[in-house]
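Below: the structure, in structure tokens.
The values are calculated or read from the model by the stated rules, or taken from the named source; none is laboratory data. Quick caveat, the model's predicted, so the values are computed rather than measured. Every residue, glycine as well, gets a Cβ built from its backbone with ideal geometry; the counts of neighbours run over all protein chains shown. For accessibility, only protein heavy atoms count, side chains too; no ligands or nucleic acids. Shrake-Rupley method; radii C 1.70, N 1.55, O 1.52, S 1.80 Å.
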Amino acid sequence: MAASCSTNLISFPPSLRKSTSPSYSLSWQASLPSTVSFAVGRRVSSRTTKSLVVVVTAMMEAKPTVLVAEKLGEAGLELLKGFANVDCSYNMSPEELCTKISLCDALIVRSGTKVTREVFESAGRRLKVVGRAGVGIDNVDLSAATEHGCLVVNAPTANTIAAAEHGVALLTAMARNIAQADASVKAGKWERSKYVGVSLVGKTLAVMGFGKVGSEVARRAKGLGMHVIAHDPYAPADRARAIGVNLVTFEEAISTADFISLHMPLTPATSKILNDESFSRMKKGVRIVNVARGGVIDEEALIRALDSGIVAQAALDVFTEEPPPKDSKLVQHENVTVTPHLGASTTEAQEGVAIEIAEAVVGALKGELAATAVNAPMVPAEVLSALAPFVVLAEKLGRLAVQLVAGGSGVRSVKVTYASSRGPDDLDTRLLRAMVTKGLIEPISSVFVNLVNADFTAKQRGLRITEERVVLDGSPENPLEFIQVQIANVESKFASAISESGEIKVEGRVKDGKPHLTKVGSFGVDVSLEGSLILLRHVDQPGIIGKVGSILGEENVNVSFMSVGRTAPRKQAVMTIGVDEEPSREALTRIGNLPAIEEFVFLEL
Ligand SMILES: NC(=O)c1ccc[n+]([C@@H]2O[C@H](COP(=O)([O-])OP(=O)(O)OC[C@H]3O[C@@H](n4cnc5c(N)ncnc54)[C@H](O)[C@@H]3O)[C@@H](O)[C@H]2O)c1
Ligand SMILES: O=C(O)[C@H](O)COP(=O)(O)O
């Protein structure tokens, strides 16, 4: 039970945190039942062991609940059922979703469910992850998810080929009037001259958005003998060149293309990117395919462009409003071919998406960092395992530093220094910063902080966290030599924690895989960061350590570690004592009354 250093970044709800011993730092562990592992790597008293067992047993029994709001492939459902209770409730109204969500740990949707701010507000703290079974996350309010500390993951790769194939299907069907001719024959007509098409070979196709789908469309269009150009401000030109595609400006793309195929995400920058103005700069008779998102086209402007003949034809899989109104002029237009958002809808893609999202959601519920996280930094597994002990250290230093601040002085400015023998570019500190932030905020508020919402929460509280990386000589095997946390412009309840430069300063290292406090203010110390801590400043003299130890012994407080850092013999010294139990007020008063003791503070880690 003890000792496993979880990489979980999801917090226990406060109610659970309270039910455990204060000497346990459970707040960064899994909130989830069957996978609970503890970052407490030490012996425990029988009292605390008992309280932990109670918590864990209670949690082991409850499986998490995953709400699946849209149809998901069987393989994905099976995977989910192996880990969680799965509630498949399709076609819920927004109100029904808001009601159900408070009982769920995860939600899985496709593009048909709007996961709004109200959903996150209704969820309380239970909802840990939203899984989008597909690529586009424009139906999920990401800011609200982040503010609520809810991870959003998607399934970005499994439907790429399906979407690209659908794009090519629409391109060819449009060029040869397949849908219109089919309807005509079924209506008993035989209109061969009406449905003369246009050829693709030798024509210029502009792929707008050269990402996963766009590049696959380009590859296939080249196979059809088309001349393919692409516009994508963020795509590497060499990747395009490798498949014989030139990246061009937006202007060149839209003004030279015979066919335009849209493959960018819907963002504020791409919203209505095809509008009256851009249509006016296109070749007369251009044909447009959209399997990206309806909102990238100004649909009213497209109707005008179709009516004026600038756009000869359009083939659309996606619409601003889905489903579009029944009397939509665009849908009914004779030169428009439509499908009901079918890009990802192949058997193969849906099975792939279901597995991809189920794995991501289960992983997130277990507390693993998701590779497809949309609103949290992605930390590769190997980086994570190397940083794991430093993650614990970072949080503990944050917790210590903030508890040293004298009440009333607001914490506004924190500097975190990472000393490493690796170059600054080899050290990704986002995870460590999030954990320092968690340590700084949680002891003084009811907010819970995780990797998803750490930066947001800090900003919201007006807490400015700056980072500095210092390159030291040392072993490059070791990701970090030490981490230092400094809080500026505050007074401390333990004056010795203030460094020469006037900030509260604590510094720590990882020794034998365990976090150690190695500096307080200007005093060097060495104490394992476990349990709770008493910091004492005293005048170095024979017998003082024994006196403090005796008082704690008489009070039945077990000492786990002790270290003394002094400026010089018989001068001021700082004693750090790790204790398993919280000493009573009387015990602390007795210690404080020893003549050599100048100040002391008790800190919970
Ligand atoms: N119809 C469907 O069922 C279906 C299926 C899959 C994907 N999609 C949609 O297709 C689109 C592309 O998906 P993807 O998986 O290829 O995404 P992707 O992230 O791999 O590619 C998107 C590309 O668009 C580029 N881009 C961003 N802003 C741009 C701009 N202003 N101009 C030009 N390019 C820009 C990006 O640099 C990126 O290369 C998304 O909108 C996605 O939601 C639809
Ligand atoms: O963004 C996507 O992945 C596609 O638009 C597919 O959406 P769907 O899962 O609702 O079919």
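Quick check on my filter: what residues within region 175-196 are open to solvent by less than 30 Å² (accessible area, probe 1.4 Å) and either outside any helix (DSSP H, G or I) or within 16 Å of Val245 (Cα to Cα) (or both)?
The one that is open to solvent by less than 30 Å² (accessible area, probe 1.4 Å) and either outside any helix (DSSP H, G or I) or within 16 Å of Val245 (Cα to Cα) (or both): Asn177.
Answer yes or no: is there a residue in region 302-314 that is under 19 Å from Glu216 (Cβ atoms), within 16 Å of ligand 1 (Cβ to nearest atom) and either more than 29 Å from the chain's Cα centre (by Cα) or in the same structural domain as Thr270 (by the TED database) (or both). Quick ask: steps written out before the conclusion?
We begin by selecting, within region 302-314, every residue under 19 Å from Glu216 (Cβ atoms); these are none.
Checked against the condition, which is being under 19 Å from Glu216 (Cβ atoms), within 16 Å of ligand 1 (Cβ to nearest atom) and either more than 29 Å from the chain's Cα centre (by Cα) or in the same structural domain as Thr270 (by the TED database) (or both), region 302-314 yields no hits at all.
Does Pro265 satisfy the condition of being free of Cβ contacts under 8 Å to residues at least 60 places away in the same chain and either within 14 Å of ligand 1 (Cβ to nearest atom) or not aliphatic (A, V, I, L, M) (or both)? Let's see the steps before the verdict.
On the way: free of Cβ contacts under 8 Å to residues at least 60 places away in the same chain: no; either within 14 Å of ligand 1 (Cβ to nearest atom) or not aliphatic (A, V, I, L, M) (or both): yes.
Taking the combined requirement at face value, the residue does not satisfy it.
Would you check which residues across region 257-276 are surrounded by fewer than 17 Cβ atoms within 10 Å (Cβ to Cβ) and either closer than 16 Å to Phe210 by Cβ or not assigned by the TED database to the domain that holds Ala292 (or both) and list them?
Selection gives Pro265, Thr267, Ala269.
So the check is Cβ under 8 Å with 6+ separation or different chains; which pairs have a first residue in region 327-344 that's on the phi > 0 side of the Ramachandran plot and a second one that's within 16 Å of ligand 2 (Cβ to nearest atom)?
The qualifying pairs are His341/Ser111; His341/Asp317; His341/Val318; His341/Phe319; His341/Glu322.
Which condition breaks for Met208 when tested against (1) more than 16 Å from Val318 (Cβ to Cβ); (2) touching a residue at least 40 places away in the same chain (Cβ under 8 Å)?
(1)
Would you list the strands (runs of 3 or more DSSP E) that sit entirely within region 410-518 and hold 1 or more residues that are closer than 30 Å to Ala364 by Cβ and open to solvent by 10 Å² or more (accessible area, probe 1.4 Å)?
Values: elements: 413-420, 464-471, 482-488, 504-511.
Correct list: 464-471, 504-511.
Here is a list of conditions, (1) over 26 Å from Arg281 (Cα atoms); (2) more than 10 Å from ligand 1 (Cβ to nearest atom), and Lys212 meets all of them except one; can you say which number that is?
(2)
When region 387-414 is examined, which residues are found to be in contact with a strand residue (DSSP E or B) (Cβ under 7 Å, 6 or more places away or on another chain) and over 20 Å from Leu605 (Cα atoms)?
Arg412, Ser413
Of the residues Leu594, Leu603, Leu588, which is surrounded by 12 or more Cβ atoms within 10 Å (Cβ to Cβ) and assigned to a loop (DSSP other than H, G, I, E, B)?
Values: Leu603 fails: assigned to a loop (DSSP other than H, G, I, E, B); Leu588 fails: assigned to a loop (DSSP other than H, G, I, E, B).
Exactly one of Leu594, Leu603, Leu588 is surrounded by 12 or more Cβ atoms within 10 Å (Cβ to Cβ) and assigned to a loop (DSSP other than H, G, I, E, B), namely Leu594.
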